[in-house]
Amino acid sequence: MILYHDVLSSASVRLRIALNLKGVAAERRRVNLAMNQQMASEHLARNPQGLVPVLVDGARVLTQSLAIIEYLDETIPKPALLPARAADRARVRGLAEIVACDIHPIGNMRVRRYIVDPLGYDDAMVGKWFNHWIAEGLAAFERLVADDVRTGDFCHGDTPGIADICLFPQMLNAYRSGLDMTPYPTLRRIFDNCAALAAFEQARPEHQEV
């Protein structure tokens, strides 16, 4: 397998965590978003959206982090990243999508670039925009996990799964952007449990060589 990723990309962090949890040593090739390498013709041939991550598995070229994570779970069943029961799978997919579909897309690099130029937002306004949407999403996430008996050491039970894989990099972004994390005690506890695992810690941006 070959993983095309960027060091800072939250979606790329998700894939690095999933591959680590599965014990898959994929070759890693960086697509530097800050240098616009995602718009190079060779990358657009892999993903016409010009996004990362992209996972190449033999002749298969896979895009979109959640779809790739589910592909890994179906082709490498152990350890499972989704629960066995349909209702539980729906729960964790819903939690994951709070991040992947609602929080992350509003604040990713291409959106931030657009609201700076041509819309003319300064850094302070961009930071306010970013933290507003993170806070809204994390507040909902917190309410969904705080009092649910299915929440354990992680978002669902006592082993990490797809919801934790999405939450962890979003929490990294929240800490990095200076968001007040006091309102999210359950999420902070889950984050700390994730950070204690090598699969999560080794996926962090600061630990990437390529």
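The values are calculated or read from the model by the stated rules, or taken from the named source; none is laboratory data. Small disclaimer: the values here were computed from a predicted structure and weren't measured. Cβ placement follows ideal geometry from the backbone for every residue including glycine, while neighbour counts extend to all protein chains displayed.
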Return a yes/no flag: does segment 45-59 have any residue that is out of contact with any helix residue (DSSP H, G or I) (no Cβ under 7 Å at 6 or more places or on another chain) and part of a helix (DSSP H, G or I). yes
Condition check for LEU179: touching a residue at least 12 places away in the same chain (Cβ under 8 Å) and either assigned to a helix (DSSP H, G or I) or acidic (Asp, Glu) (or both): no
Residue ranges of helices (runs of 4 or more DSSP H) in segment 104-165 with at least 1 members in contact with a Lys or Arg (Cβ under 9 Å, 6 or more places away or on another chain) and of a type in the set (Phe, Trp, Tyr): 123-146
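On the basis of being surrounded by fewer than 21 Cβ atoms within 10 Å (Cβ to Cβ) and not assigned by TED's automatic domain parsing to the domain that holds GLN38, does GLY161 make the cut? Full working, then the answer.
On the way: surrounded by fewer than 21 Cβ atoms within 10 Å (Cβ to Cβ): no; not assigned by TED's automatic domain parsing to the domain that holds GLN38: yes.
No.
When only residues in segment 128-143 that are surrounded by 15 or more Cβ atoms within 10 Å (Cβ to Cβ) and among the hydrophobic types (A, V, I, L, M, F, W, C) count, which is farthest from LEU172 (Cα to Cα)? Don't jump to the end; show me each part of the working.
Initial filter on segment 128-143 (surrounded by 15 or more Cβ atoms within 10 Å (Cβ to Cβ)): 129-131, 133-135, 137-138, 141-142.
From what is left, the residues that are among the hydrophobic types (A, V, I, L, M, F, W, C) are 129-130, 133-135, 138, 141.
Details: TRP129: 17, PHE130: 13, TRP133: 15, ILE134: 11, ALA135: 13, LEU138: 12, PHE141: 15 Å.
Filtering first and then ranking leaves TRP129.
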Residues of segment 5-42 being without any contact (Cβ under 8 Å) to a residue 60 or more places away in the chain, crowded, with 24+ Cβ neighbours inside 10 Å and touching a Lys or Arg at 6+ places or on another chain (Cβ under 8 Å), which ones? HIS5
Please verify whether segment 64-78 includes one or more residues that are over 23 Å from LEU51 (Cβ atoms), surrounded by fewer than 16 Cβ atoms within 10 Å (Cβ to Cβ) and at pLDDT 95 or above. yes
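Do we find that GLY50 is closer than 23 Å to CYS101 by Cβ and surrounded by fewer than 18 Cβ atoms within 10 Å (Cβ to Cβ) in this structure?
Working: closer than 23 Å to CYS101 by Cβ: yes; surrounded by fewer than 18 Cβ atoms within 10 Å (Cβ to Cβ): yes.
Considered against the rule, which asks whether it is closer than 23 Å to CYS101 by Cβ and surrounded by fewer than 18 Cβ atoms within 10 Å (Cβ to Cβ), GLY50 comes out as yes.
One line per residue, one yes/no per condition, for (1) surrounded by 13 or more Cβ atoms within 10 Å (Cβ to Cβ); (2) within 17 Å of ILE165 (Cβ to Cβ); (3) hydroxyl-bearing (Ser, Thr, Tyr); (4) touching a residue at least 12 places away in the same chain (Cβ under 8 Å):
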position	(1), (2), (3), (4)
PRO83	yes, yes, no, yes
ASP117	no, no, no, no
VAL126	yes, no, no, yes
VAL145	yes, yes, no, yes
Is there a residue being over 20 Å from the mean Cα position of the chain (by Cα), at pLDDT below 95 and in the same structural domain as ALA195 (by TED's automatic domain parsing) anywhere in segment 143-157? yes
Go through the residues of segment 73-90 one by one and say whether even a single one is in contact with a strand residue (DSSP E or B) (Cβ under 7 Å, 6 or more places away or on another chain), closer than 30 Å to ASP57 by Cα and either assigned to a loop (DSSP other than H, G, I, E, B) or not aliphatic (A, V, I, L, M) (or both). no
Flag if PHE168 is part of a helix (DSSP H, G or I), in the same structural domain as ALA90 (by TED's automatic domain parsing) and out of contact with any Cys (no Cβ under 7 Å at 6 or more places or on another chain): no
